[in-house]
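S.K.: Would you mind keeping the following structure in view while I ask a few things?
The values are calculated or read from the model by the stated rules, or taken from the named source; none is laboratory data. Bear in mind the structure is a predicted one, so any value in this text is a computation, not a measurement. Glycine gets a Cβ as well: all are built from the backbone with ideal geometry, and neighbour counts include every protein chain shown.
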Amino acid sequence: MIEGAALQLSAVLMMRAVGHLKEERGTNLTDTGAHFYEVYETSDGGYMAVGAIEPQFYALLCKGANLDPERFNGQMDSSRWDSLKAELADIFKTKTRSEWEAIFNGTDACVTPVLSLSEAAAHPHNQARGVYIDNGALQPAPGPRFSRTPGAISRPPPLPGQHTDEAMAEWGIAPAEIARLRQSGAVG
């Protein structure tokens, strides 16, 4: 897993090697340093995720949020990111999450609502794709999906502690010790 994770960092390490990535968190393009790659609170306490990195997406963000083109030009000028982020935070607080969602819905602005777990499961895209299954407990559907060998969930996940006694018995723990552990609260 470590080697796989390191391979996933190839692009990040290359950006660092050519001077486009700083070690300090919150100062880079995709680590909340940029005003166009951030999560913003809305007037109703909801949140909108913004990931408008490419110029065409940034232009749609600016259009949808009605940003001053003079003020918000020079997207990649990192010396201005903090002040633009503060302005954008104030702008996002002027509308509810639903209002912002309606503004950006159907655009390629890369601006989306941050959903709760239940909202994510009920989202039309995830419903259409069958991303989640609720068979007594909400859980992701099996993946990856193959046409000839589709995955399936045959039963709900076990409840916490449901198989504790059986597992401890399989590990050779005597019934009296299992009872003592349960009574002491060491296992649930």
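S.K.: Give, as residue ranges, the helices (runs of 4 or more DSSP H) completely inside the range 1-76 that count at least 3 residues that are touching a residue at least 12 places away in the same chain (Cβ under 8 Å) and exposed (fewer than 15 other Cβ atoms within 10 Å of the Cβ).
M.R.: Here the list reads 55-64.
S.K.: Among the residues in the range 121-130, are any under 19 Å from the mean Cα position of the chain (by Cα), exposed (fewer than 15 other Cβ atoms within 10 Å of the Cβ), outside the structural domain of T42 (by TED's automatic domain parsing) and over 29 Å from E54 (Cβ atoms)?
M.R.: Yes - at least one qualifying residue is present in the range 121-130.
S.K.: Does T96 qualify as being among the β-branched types (V, I, T) and touching a residue at least 60 places away in the same chain (Cβ under 8 Å)?
M.R.: No; evaluated as a whole, the condition is false for this residue.
S.K.: Given (1) among the charged types (D, E, K, R); (2) touching a strand residue (DSSP E or B) at 6+ places or on another chain (Cβ under 8 Å); (3) assigned by TED's automatic domain parsing to the domain that holds A186, where does D165 come up short, assuming only one miss?
M.R.: All conditions are met except number (2).
S.K.: Another question, then. Filter the range 68-106 down to residues that are under 12 Å from F36 (Cα atoms) and in contact with a helix residue (DSSP H, G or I) (Cβ under 7 Å, 6 or more places away or on another chain), then give me how many there are.
M.R.: Qualifying residue count, the range 68-106: 3.
S.K.: Looking only at the range 134-181, which residues are over 28 Å from A121 (Cβ atoms) and either at pLDDT below 90 or among the hydrophobic types (A, V, I, L, M, F, W, C) (or both)?
M.R.: Across the range 134-181, the qualifying residues are A167, M168, A169, W171, I173, A174, A176, I178, A179, L181.
S.K.: So in the range 147-167, with the set limited to residues that are over 25 Å from the mean Cα position of the chain (by Cα) and over 30 Å from A179 (Cα atoms), which one is surrounded by the most Cβ atoms within 10 Å (Cβ to Cβ)?
M.R.: P150
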